[in-house]
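One structure below.
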Amino acid sequence: MKKKIEEWPHHDYATRLSVAVVYAFLAAIAVNFFYQPGHIYSSGATGFAQILTTLSHRVVGFTVPVSVTLFLINVPLFFLAWFKIGHKFTIFTFITVFLTSFFIHIIPETTLTKDPIICAIFGGAIMGVGIGFALKNGLSSGGLDILSITIRKRTGRSVGSISIIFNVMIMLMAGILFSWQYMFYSALAIFMSGKLTDALYTKQRKMQVMIVTKCPDRVIEGIQDQMRRGITIINEAEGAYKHDKQTVLFTVVTRFELPMLETIMRETDPQAFVSISENVRILGRFYEETMD
């Protein structure tokens, strides 16, 4: 029993819970300080929740809070995440969604400005930072993030790009039901959110690395000990200036792993020549960490 307690990843769980609280607070600020006052519809499940909240007043005669509709929308997606992504991922996503709904409910709606453009830009930026920060630390904000991650695992497309595709449908629905003018403001907010998400969630951005080294065994051992990456070896490569024989290594890493690779190179062969190409597209198998 004592051994199990010692092996329990306290630090990892505490970090995830802290990230969940930070995301929930940022999302609540975006919704209650910018989206709702500016009549801007958010991306993902939050946008659907806002639409349902507005419709609830027209259909049933009273307004169902955004916090309630947001949580209810996520319930079926928890089952998808449980079977397609991971159990721990789903549990922490549930916690994140619950905290988000809670903060949206308790933080009062405050009008900082009525300018819809300012509300769209700042609301989208804050929401994008929250989503990217959550994904970077192994959490999902729930809603369409779950669908986006599931599709990304099959297609390799970026999370932000997938979210934009889904969110176009939300904007069309909002435009038909409410106002085309605010649909375009909402589109601006979604664009900002998607770009900030991609900027922070660097695990999805792949980089091709070419290493020219005289110590291939040490470099290969260092990479394979610390990173789960395949390496292609080209032996007997010849330098054009000195005509000395060297080895060329090719591998692909994520931008998130780049600092680790730089450390490995400093330790194994600081004299090696390293060339990095950003945003490469991969066809074939590429190992990605599970989010469980």
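Descriptive notes on the structure:
- If R0 is 30 Å, the Cβ-Cβ spacing of Ser277 and Phe184 corresponds to a FRET efficiency of close to 0.25.
- Here Met169 and Phe25 are evaluated by their C-beta separation; at R0 = 30 Å the FRET efficiency comes out at 0.60.
- Here the extension length gained between Arg229 and Val59 equals 55.7 nm, from 0.36 nm per residue of separation less the Cα-Cα distance.
- Each residue was assigned an accessible area with a 1.4 Å probe, and for His105 the value is about 120 Å².
- Averaging 1/r over every pair of different alpha carbons in region 169-226 and inverting the result gives a Kirkwood radius of 15.5 Å.
- Mean projection area, nm², convex hull over Cα of region 191-253: 6.0
- Projecting the Cα positions of Gly222, Thr232, Pro270 onto the charge dipole of region 212-283 (unit charges on Cβ atoms of Lys, Arg, Asp and Glu, taken about the Cα centre) puts Thr232 furthest along the positive direction.
- Mean Cβ neighbour count within 10 Å, used as a protection proxy, ranking 132-140, 264-272 highest first: 132-140, 264-272
- Ranking Lys195, Lys242 from most to least accessible surface, computed with a 1.4 Å probe over the protein chains only, gives Lys242, Lys195.
- On the beta carbon distance between Glu262 and Glu236, with R0 = 22 Å, the FRET formula returns roughly 0.25.
- Vicinal HN-Hα couplings computed from phi for region 240-248 (Karplus, 6.51 cos²θ - 1.76 cosθ + 1.60; Hz; Gly/Pro x): 6, 7, 9, 6, 8, 8, 9, 10, 10
- Globularity index of region 226-272, i.e. its alpha-carbon radius of gyration over 2.2 N^0.38 Å: 1.33
- For region 60-118: rounded, prolate or oblate by the Cα gyration tensor [a/c cutoff 1.5]: prolate
- Sorting 106-114, 120-128 by average packing, meaning the other beta carbons within 10 Å per residue, from highest down gives 120-128, 106-114.
The values are calculated or read from the model by the stated rules, or taken from the named source; none is laboratory data. Everything numeric here is computed off the predicted structure, so don't read it as measured data. Heads up, the Cβs are rebuilt from the backbone with ideal geometry, glycines too, and the neighbour counts pull from every protein chain shown. Areas reflect the complete protein model, heavy atoms only, side chains present, ligands, DNA and RNA absent. Shrake-Rupley method; radii C 1.70, N 1.55, O 1.52, S 1.80 Å.
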